[in-house]
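Engineer: This structure is in C-alpha cells; I'll ask about it shortly.
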Amino acid sequence: MNKCKGFTLVELMVSIIILAVLTAIVVPNFNEFVIKIRVDNEISQLHRLLLIARNSAINANQDVTLCPLDANYHCSTDWQNQIVVFIDINDDKIFSPESNEVIIRMKPAIKIADKLQYGLTRNRIKFAPTGRTTGWGSNGTLKYCPQDFDNFSRAIVVATSGRFYPSTDLDHDGKDEKRNGSEIVCR
C-alpha cells in the first residue's frame, strides 16, 4: 500500500500561524537590537580613535589633535563629519600637509541621520605629549544619539587627565548614564 507523505491543510495553517506570531514578536526587538549594535559600534570606534590620539601624542612627543574636518581641512564643530587624528604642528586647527602635518587615523562620517555631539562650540580634542588633554574644550562628553531612539544614546566622557570613560547603565533602567549618574541627553 502506498502512503502519501506530506502535510495536511490543518498542519500547514497551524505552522503559518505559529510563524506569524513569532515574526510579530521578533521583528520589533530585532530593530532595537540593530540600533544598539550600531550605537555600540560607533562608541567602540570613537574609543579606539581616542586611544590612538592619546598614544600617538605620548609616543611622538608632540601635540595630537582629534577633530572633524570640513571641506577646507579646518577643524569644525560638525562631529557627524569625518573625524581625523593628526599632528597639528602649528596648532592652527587646520590640517596642512604642506607643513608636514600627518594624518594618523581617520573615522568615516556618520552616514545616517544619527547625531554625534561634543559640546556646542567645541571643535577638537587635543592631547599633549604627557597624555593629558590640553587647550579649551578638550575635556567634555562625546554623545552618540541614534535618530528616534534617544533612550539608546551612549557617550564617552573625556577628562583633562587624558582618560576617557564610556557611559554605562548605572541604575539598570535601560538608559546609559555618565559616571556622575546623569543620563545622556541629546539636543
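Engineer: Of the residues that make up the stretch 97-107, is at least one among the hydrophobic types (A, V, I, L, M, F, W, C), without any contact (Cβ under 8 Å) to a residue 40 or more places away in the chain and surrounded by 18 or more Cβ atoms within 10 Å (Cβ to Cβ)? Working first, answer last.
Structural biologist: Step one: filter the stretch 97-107 for residues among the hydrophobic types (A, V, I, L, M, F, W, C), giving 102-104, 106.
Checking which are without any contact (Cβ under 8 Å) to a residue 40 or more places away in the chain leaves us with 102-103, 106.
Applying the additional criterion that residues be surrounded by 18 or more Cβ atoms within 10 Å (Cβ to Cβ) yields none.
No, the stretch 97-107 contains no residue that is among the hydrophobic types (A, V, I, L, M, F, W, C), without any contact (Cβ under 8 Å) to a residue 40 or more places away in the chain and surrounded by 18 or more Cβ atoms within 10 Å (Cβ to Cβ).
Engineer: For residue 69, all conditions in the list (1) modelled with pLDDT under 90; (2) aliphatic (A, V, I, L, M); (3) surrounded by 19 or more Cβ atoms within 10 Å (Cβ to Cβ) hold save one; what is the number of the exception?
Structural biologist: Single failed check for residue 69: (1).
Engineer: Then there's this: When you go through 110, 184 one by one, which is the residue that is at pLDDT below 95, of a type outside the set (S, T, N, Q), buried (at least 17 other Cβ atoms within 10 Å of the Cβ) and farther than 16 Å from residue 66 by Cβ?
Structural biologist: Numbers: 110 fails: farther than 16 Å from residue 66 by Cβ.
Step by step, each of 110, 184 is checked, and only 184 is at pLDDT below 95, of a type outside the set (S, T, N, Q), buried (at least 17 other Cβ atoms within 10 Å of the Cβ) and farther than 16 Å from residue 66 by Cβ.
Engineer: Please specify each residue of the stretch 77-96 satisfying the condition of being farther than 25 Å from residue 58 by Cβ, out of contact with any Gly (no Cβ under 9 Å at 6 or more places or on another chain) and buried (at least 17 other Cβ atoms within 10 Å of the Cβ). Outline the logic, then answer.
Structural biologist: Residues of the stretch 77-96 farther than 25 Å from residue 58 by Cβ: 77-78, 80-81.
Keeping just the survivors that are out of contact with any Gly (no Cβ under 9 Å at 6 or more places or on another chain) gives 78, 80-81.
Answer for the stretch 77-96, where residues must be farther than 25 Å from residue 58 by Cβ, out of contact with any Gly (no Cβ under 9 Å at 6 or more places or on another chain) and buried (at least 17 other Cβ atoms within 10 Å of the Cβ): just 81.
Engineer: For the subset of the stretch 145-167 comprising residues that are of a type in the set (D, E, K, R) and without any contact (Cβ under 8 Å) to a residue 60 or more places away in the chain, which member is farthest from residue 119 (Cα to Cα)? Don't jump to the end; show me each part of the working.
Structural biologist: The initial filter retains those residues of the stretch 145-167 that are of a type in the set (D, E, K, R), namely 148, 150, 154, 163.
If we keep only those that are without any contact (Cβ under 8 Å) to a residue 60 or more places away in the chain as well, we get 148, 150, 163.
Numbers: 148: 20, 150: 17, 163: 18 Å.
Among those residues, the one meeting the criterion is 148.
Condition check ((1) touching a Leu at 6+ places or on another chain (Cβ under 8 Å); (2) in a strand (DSSP E or B); (3) aliphatic (A, V, I, L, M); (4) surrounded by fewer than 17 Cβ atoms within 10 Å (Cβ to Cβ)) across all residues:
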residue	(1), (2), (3), (4)
11	no, no, no, yes
17	no, no, yes, yes
26	no, no, yes, yes
31	no, no, no, yes
39	no, no, yes, no
42	yes, no, no, no
51	no, no, yes, yes
56	no, no, no, no
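Engineer: What number of residues in the stretch 32-84 are in contact with a helix residue (DSSP H, G or I) (Cβ under 7 Å, 6 or more places away or on another chain) and within 22 Å of residue 152 (Cβ to Cβ)?
Structural biologist: Qualifying residue count for the region: 4.
Engineer: In addition: Exactly one of these conditions fails for residue 165: (1) of a type in the set (Phe, Trp, Tyr); (2) more than 26 Å from residue 74 (Cβ to Cβ); (3) buried (at least 18 other Cβ atoms within 10 Å of the Cβ). Give me its number.
Structural biologist: It is condition (3) that residue 165 fails.
Engineer: Let me ask you something else. If you check 29, 55, which single one turns out to be farther than 30 Å from residue 128 by Cα and within 23 Å of the chain's Cα centre (by Cα)?
Structural biologist: Working: 55 fails: farther than 30 Å from residue 128 by Cα.
Answer to the check: 29.
The values are calculated or read from the model by the stated rules, or taken from the named source; none is laboratory data. Here the structure is a predicted model, which is why all the values come from computation and not from measurement. Here Cβ is always computed from backbone atoms with ideal geometry, including for glycine, and neighbour counts include all displayed protein chains.
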